[in-house]
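Please read the structure below before turning to the comments.
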Amino acid sequence: MSGKDKKENGISWNISLSGIFTTLVTFIVLVTSIAVMLIFIRIYRRTMEENAVTGSEQTIVQVQNTLENYTNDMRSVMDIIQNNITEDGADRDEFIRGLVKVRSDVVAIMTYDERGNLTDCWSDGRETKEKWLKNLSYIELTKNGDKFNITKPHVESLFVDYYPWVVTLSQRLTDYDGKEIQVTMDIRFSNIANYVDDVGIGQHGYCYIIDNKGNIIYHPQQQLIYSGLKEENTGNLQEGTFVRSNVIYTVHTLENCNWRIVGVCYVDEMITAKVEKLGRLLLIILSLVLIASFAVGWIFSKLFSKPAKNLADAIGSFEGNAEHFHFKQVRGTSEINALSSSFGHMVIRIQRLMEKVREEEVILRKTELKALQAQINPHFLYNTLDAIAWLCEGGRNQDAEEMVNSLARLFRISISRGHELIPIKKEVQHAESYLKIEKFRYKNQFTYSIDVDEECLGYLCNKITLQPIIENAIYHGLNRMVDEGMIKIGIHQSGEDILFTVEDNGVGMTREQCSEILYRESGDRTGIGIKNVNDRIKIYFGSSFGLMITSELDKGTCVTIRMPKVREGEYSEK
Amino acid sequence: MKNKKKITLVGIIIALLPCTLLLSGCGKDEFLNNKKDNTSSVKKYQVALITKSTNSAFWKSVYSGANAASAEYNLNLIFEGPENEEDYETQNTMIDQAVSDGADAIVFSAVDYMANAEAINRAANKGVKIIVIDSDVNSSLVSCRIGTDNYEAGCTAGKAALECGSPVLHIGIVNFDKNSENGQTREKGFRDTVAKDERAEIVASINVLSSTEIAKEETMKMLAAHPEINIVVTFNEWTSLGVGYAIRELDMADTTTVVAFDSNVVSVGMLELGEVDALVVQNPYAMGYLGMESAYQLLNGFSLDSEEVNTSTMLVTRENMYNEECQRAIFAFDKEN
């Protein structure tokens with residue numbers, strides 16, 4: 001669920017735990033529910049199909065029974081007529097007229113002679129036409145054929161302004177005086193129609209009646225078919241139940257006449273529609289599952305993954321910046337809480353240890369530096385003492401005295417009762433003593449000037465700050481010169497700071513040499529190195545103070561020292 | 001530990017969810033059926049069928065076709081029309097009334113090609129679907145037109161007239177309302193057809209109100225003024241009856257050929273007796289049925305197969321009137337009558 005990282009050796013997938021969880025749950029539920037649904041749909045479909053076939057079969061058998069009853073009824077009516085007609089009673093007319101009146105579905109009863117001429121016609125008060133174009137109710141029955149016949153539907157064409165659709169039942173029989181006559185009865189559909197209309201098979205299934213030649217006797221949508229809006233497949237229907245292009249046909253033939261009943265129901269409609277609904281249900285379930293698994297993933301992430309990630313991030317940032325790291329507790333599951341609080345403790349312990357180490361380091365350095373300061377460069381001492389001895393030998397007692405005084409002051413200030421910070425006034429005396437001694441030693445090869453802002457004298461500075469720089473200027477700057485050297489020392493205020501400058505007009509240094517001096521440990525010969533001075537200022541006052549060297553070859557070097565204004569008692573030594 | 005329990009609980013619920021749904025699926029047969037019944041009763045579209053009149057056999061047949069379709073497609077059908085076939089004002093009122101009664105579609109047959117246009121446009125602009133059957137209206141907002149190809153029907157009538165064997169054909173035309181689009185188109189088809197035969201000559205042409213009585217009187221006047229007329233042609237159900245009665249009254253059944261439109265029990269009787277010699281029979285049941293079917297399709301957002309549907313016509317004469325096909329065309333199948 002989360003992004004992927006490409007690494008040099010192959011691809012590794014960086015997926016979160018909650019992502020895996022969500023995907024797995026979704027996948028498993030998806031697969032199982034789809035599988036279950038498919039199996040279910042299969043079984044359901046088969047059952048539905050079987051149900052549809054048996055249902056259709058049952059319905060058609062019922063229709064068949066009803067229609068057989070109906071046709072039997074018609075036959076019995078025919079029998080009654082037959083009995084009455086052959087009797088030639090005076091009340092024959094009366095009886096048949098009564099029959100037509102009572103049976104609302106009988107439109108007319110007619111008799112014909114051998115040649116097919118209409119001899120009698122009884123109807124329910126309808127007026128027969130004087131002449132008619134065609135009598136559709138008369139059918140010539142073959143003598144040796146079936147005695148009982150039912151026609152396909154036709155329009156009753158004998159009455160004025162009355163054209164109902166009827167079927168005609170015809171029967172040959174013998175008259176009272178031995179003549180062959182034919183009796184026909186025109187029947188309307190109303191009874192059959194109302195019954196057949198109400199027969200439903202499945203949701204949109206229906207049934208209709210055809211004769212054995214495939215003519216439709218009655219169809220619930222007869223007028224639609226007559227208007228050419230609908231077609232019904234009536235040919236080639238074998239007896240029984242069969243499925244043809246997703247339609248279940250059930251065909252039964254009546255036992256007592258040539259009518260057949262066809263039941264039609266749609267497999268697709270009954271089954272596919274329901275399967276579709278099932279599919280929709282499946283979709284709903286799946287989306288619910290998806291939502292649920294996302295919710296679980298979210299909860300999981302909230303309780304576990306996210307805190308774990310937060311913890312990892314915290315560890316990462318601690319790694320990057322251990323000193324100023326502030327740990328906030330991460331909340332989550334109990335495991336996460338335990339991890340988080342242990343990590344919190346660990347952070348605090350590590351930070352304490354680091355602090356301790358740093359303090360110890362500073363103390364160590366300071367001790368080291370103090371030890372260094374306490375040291376007297378033996379070469380310098382020997383050379384100076386040699387020079388004094390040489391002055392005494394030459395009888396230059398005043399000079400010798402001055403040298404001894406200078407040396408004594410130099411050492412006194414160097415030691416300064418072990419204080420690191422001394423007043424600038426003392427530092428200036430220290431530098432001056434050193435310059436005097438060196439000037440003697442170098443037989444006035446250089447001159448010097450000291451320019452001090454009187455207000456600065458009261459402030460404190462690190463002891464032995466100027467001396468190593470002057471020493472460097474003499475040994476490396478002026479010593480190799482042919483002309484007379486010049487050292488200028490200045491101490492001035494610069495806002496809240498004090499600037500010490502030591503300038504010489506010596507050979508100068510390259511940029512590389514300048515930086516080398518600031519970072520090289522001094523050798524034995526040269527006492528306290530410039531690096532030492534710089535380090536001490538930075539240790540005592542911070543990294544924004546210290547030395548800066550600018551130099552130009554054959555022109556000279558200028559060393560600037562920046563220090564804060566510090567008065568007695570303001571800086572407590574650690 | 002509490003959180004962990006929560007997760008397990010949620011996991012169990014998730015695992016059980018599909019199972020419960022599946023179980024409920026077993027009883028879904030009833031459940032889905034109930035649901036279906038509910039939804040079907042919720043949305044039932046209302047369709048107004050507004051025709052030129054309501055009492056002729058033609059419009060009754062249109063209604064019975066519409067009724068069959070409304071039952072099949074579960075639509076509410078309201079059937080109305082003016083008293084006489086010239087009353088476009090009442091039709092316009094009916095259109096407005098149907099719209100304000102909340103009809104979703106109107107299946108319409110225009111009395112007047114021009115005068116009904118405004119009301120139809122008004123209805124269509126309110127979102128009501130308009131389907132025209134039988135007689136057109138001058139509106140571009142009609143979604144679908146269903147009816148007889150009137151020009152072709154006129155041609156059929158023309159051909160039937162030319163079947164007459166006499167050497168000279170003096171033709172009298174009895175047409176109905178001049179503003180009705182279908183009558184004019186039929187007449188044009190007829191005139192174009194007979195014009196191709198040099199025997200034929202149209203000696204008189206009248207327009208009468210669409211009523212049996214008036215048509216009869218006007219026809220008798222026309223026949224009196226032009227005794228040479230041996231062919232009378234007329235273009236709708238009412239005028240057909242009028243012409244038939246006129247011929248009956250003048251006892252001219254044997255000397256005059258009458259080509260008429262549409263069928264009812266009376267005109268079929270006339271056909272049988274020879275007072276009318278040919279009937280051009282339309283398919284009003286199909287018009288009504290297809291009109292409602294189109295309304296259903298439009299309202300449910302299905303696309304129509306075609307914006308113009310021509311229903312069939314058939315020429316029925318004395319010779320073929322009891323053929324199976326013609327029986328089906330001229331006699332409505334109605335199980336109740």
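The values are calculated or read from the model by the stated rules, or taken from the named source; none is laboratory data. Quick caveat: nothing in here was measured; it's all calculated off a predicted structure. Cβ atoms come from the backbone with ideal geometry, glycine included; neighbour counts cover every protein chain shown. Protein only, heavy atoms only, side chains kept; ligands, DNA and RNA dropped before computing areas. Shrake-Rupley method; radii C 1.70, N 1.55, O 1.52, S 1.80 Å.
Name the shape class, rounded, prolate or oblate, that the alpha-carbon gyration tensor gives for chain B, where a ≥ b ≥ c are the square roots of its eigenvalues, rounded holds for a/c under 1.5, and otherwise prolate holds if a/b is larger than b/c and oblate otherwise. It would help to have the intermediate numbers written out before the result.
Numbers: a/c = 3.39, a/b = 2.63, b/c = 1.29.
Taking the square roots of the gyration eigenvalues as a ≥ b ≥ c, chain B is prolate.
The mean number of Cβ atoms from other chains found within 10 Å of a Cβ in peptide B:325-333 is 6, as a whole number. Per residue of peptide A:159-166, the mean number of Cβ atoms on other chains within 10 Å of the residue Cβ is 5. Rolling a 1.4 Å probe over the protein chains gives A:L381 an accessible area of about 40 Å². Extension gain for A:K443-A:T253 works out to 53.3 nm (0.36 nm per residue, less the C-alpha to C-alpha distance). Residues of segment B:282-319 buried by at least 50 Å² of accessible area upon assembly of all protein chains, compared with the chain on its own (1.4 Å probe): B:Y285. For peptide A:220-226, the mean count of partner chain Cβ atoms within 10 Å of a residue's Cβ comes to 6.
Considering only segment B:150-281, what is the antiparallel percent among its DSSP beta bridges, to the nearest 5? Percent antiparallel among DSSP bridges in segment B:150-281 is about 0. At an R0 of 35 angstrom, the distance between the Cβ atoms of A:I415 and A:D554 translates into a FRET efficiency of 0.35. Rounded to the nearest 20 debye, the dipole size of segment A:69-196 about its Cα centre is 480 debye, using +1 on the Cβ of Lys and Arg and -1 on the Cβ of Asp and Glu. Taking B:L49, B:L271, B:L250 in turn, the Gaussian network model of chain B (Cα-Cα springs below 10 Å) assigns the largest fluctuation to B:L250. Only helices enter the 222 nm calculation for chain A: every DSSP H run of n ≥ 4 contributes -39,500 (n - 2.57), and dividing by all residues gives -15500 deg cm²/dmol, rounded to 500. With the simple model of a label 7 Å out from the Cα in the direction of the Cβ, B:Q97 to A:S544 spans 9.8 nm.
Applying 1/(1 + (r/R0)^6) with R0 = 25 Å to the Cβ-Cβ distance of B:V265 and B:T54, what FRET efficiency is obtained, to the nearest 0.05?
Details: r = 17 Å, r/R0 = 0.70.
Given R0 = 25 Å and the Cβ-Cβ separation, E is 0.90.
Segment A:436-457 and segment A:293-326 have Cα centres separated by 65 Å. The B-A contact accounts for roughly 4300 square angstrom of buried accessible surface, both chains included, probe 1.4 angstrom. Look at where the Cα atoms of segment A:152-175 and of segment A:37-80 average out, and the two centres are 31 Å apart. Where both bridge residues fall in the protein assembly as shown, DSSP classifies roughly 65% of the beta bridges as antiparallel. For the cross-link pairs A:K443/A:K463; A:K274/B:K44; A:K134/B:K178; A:K302/A:K356; A:K152/A:K179, the ones whose C-alpha atoms lie over 29 Å apart are A:K134/B:K178; A:K302/A:K356.
The charge dipole of the protein assembly as shown, taken about its Cα centre with unit charges on the Cβ of Lys, Arg, Asp and Glu (plus for the first two, minus for the last two), comes to roughly 7520 debye. Relative to the longest principal axis of the C-alpha atoms of chain A, give the angle of the C-alpha long axis of helix A:397-415, reported between 0 and 90° and rounded to the nearest 10°. The angle comes out at about 30 degrees. Using the Cβ-Cβ distance between B:R248 and B:N320 with R0 set to 30 Å, the FRET efficiency works out to roughly 0.85.
Between A:D197 and A:E94, the contour length at 0.36 nm per residue exceeds the alpha carbon distance by 33.6 nm.
Is the C-alpha gyration tensor of segment B:135-230 telling us rounded, prolate or oblate? Criteria: a/c under 1.5 is rounded; beyond that, a/b larger than b/c is prolate, otherwise oblate. Don't skip to the answer; put the middle values down first.
Details: a/c = 2.94, a/b = 1.45, b/c = 2.03.
It is oblate, given that a/c is not under 1.5 and a/b is not larger than b/c.
In segment A:321-367, carbon and sulfur make up what percent of the accessible area (probe 1.4 Å)? Carbon with sulfur: 60 percent of the solvent-accessible area.
Can you list which of the DSSP-assigned H helices in chain B have a Cα extent of 15 Å or more along the long axis and an average Kyte-Doolittle score of at least -1.0? Intermediate results must be reported in sequence, preceding the final value.
On the way: long enough: B:2-26 (37 Å, 1.12); B:28-42 (21 Å, -1.61); B:57-73 (24 Å, -0.07); B:88-100 (18 Å, -0.66); B:150-162 (18 Å, -0.02); B:181-194 (20 Å, -1.83); B:212-225 (20 Å, -0.16); B:237-250 (20 Å, 0.15); B:284-299 (22 Å, 0.29).
Those that clear 15 Å and a mean of -1.0 are B:2-26, B:57-73, B:88-100, B:150-162, B:212-225, B:237-250, B:284-299.
When the Cα positions of A:I561, A:Y540, A:I498 are compared along the charge dipole of segment A:422-574, A:Y540 comes out farthest toward the positive end, with charges on each C-beta of Lys, Arg, Asp and Glu. If the chain linking A:I80 and A:K309 were pulled fully straight, counting 0.36 nm for each residue of separation and taking away their Cα-Cα distance, it would gain 72.4 nm.
Computed with a 1.4 Å probe over protein heavy atoms only, the accessible surface of the protein assembly as shown comes to 50 Å² per residue. Of A:I363, A:I96, the order by accessible heavy-atom surface (1.4 Å probe, DNA, RNA and ligands excluded), from most exposed downward, is A:I363, A:I96.
Would you mind computing the Rg to Rh ratio of segment B:106-190 from its alpha-carbon coordinates, Kirkwood style for Rh? Please report the intermediate quantities before stating the final value.
Working: Rg = 16.2 Å, Rh = 14.2 Å.
A ratio of 1.13.
Ordering A:M481, A:I469, A:T447 by Cα displacement along the dipole of segment A:441-490 toward the positive end leaves A:M481 in first place; charges were set at the Cβ atoms of Lys, Arg (+1) and Asp, Glu (-1). Rg and Dmax of segment A:344-418, both derived from C-alpha coordinates alone, stand at 22.7, 77 Å.
Taking a point 7 Å from the Cα of A:K152 along the Cα-to-Cβ direction, the residues of segment A:168-190 with backbone N closer than 20 Å to it are A:168-171, A:185-190. Excluding same-chain neighbours fewer than eight residues apart, the aspartates and glutamates reachable from A:K328 by a Cα-Cα span under 19 Å are A:D313, A:E319. Answer rounded, prolate or oblate for the protein assembly as shown, using the Cα gyration tensor with square roots of eigenvalues a ≥ b ≥ c: rounded when a/c is under 1.5, else prolate when a/b is larger than b/c, else oblate. Judged from the Cα gyration tensor, the protein assembly as shown comes out prolate (a/c at least 1.5, a/b above b/c). In this structure B:R145 has an accessible area near 60 Å², from a 1.4 Å probe over the protein heavy atoms. In straight-distance terms, cross-link reach from A:K306 covers every one of the aspartates and glutamates whose alpha-carbon lies under 17 Å from its own, apart from those fewer than eight places away in the same chain; here that gives A:E335. Toward the positive end of the charge dipole of the protein assembly as shown, with +1 on the Cβ of Lys and Arg and -1 on the Cβ of Asp and Glu, the farthest Cα among A:L254, B:Y151, B:A195 is that of A:L254. Taking all protein chains together and rolling a 1.4 Å probe, B:V266 ends up with roughly 30 Å² accessible.
Taking the C-alpha atoms only, the angle from helix A:378-393 to the longest principal axis of chain A is near 20 degrees. For segment A:321-367, a Kirkwood hydrodynamic radius built from all Cα pairs, placed in the Stokes-Einstein relation at 20 °C and 1.002 mPa s, yields a translational diffusion coefficient of 175 µm²/s.
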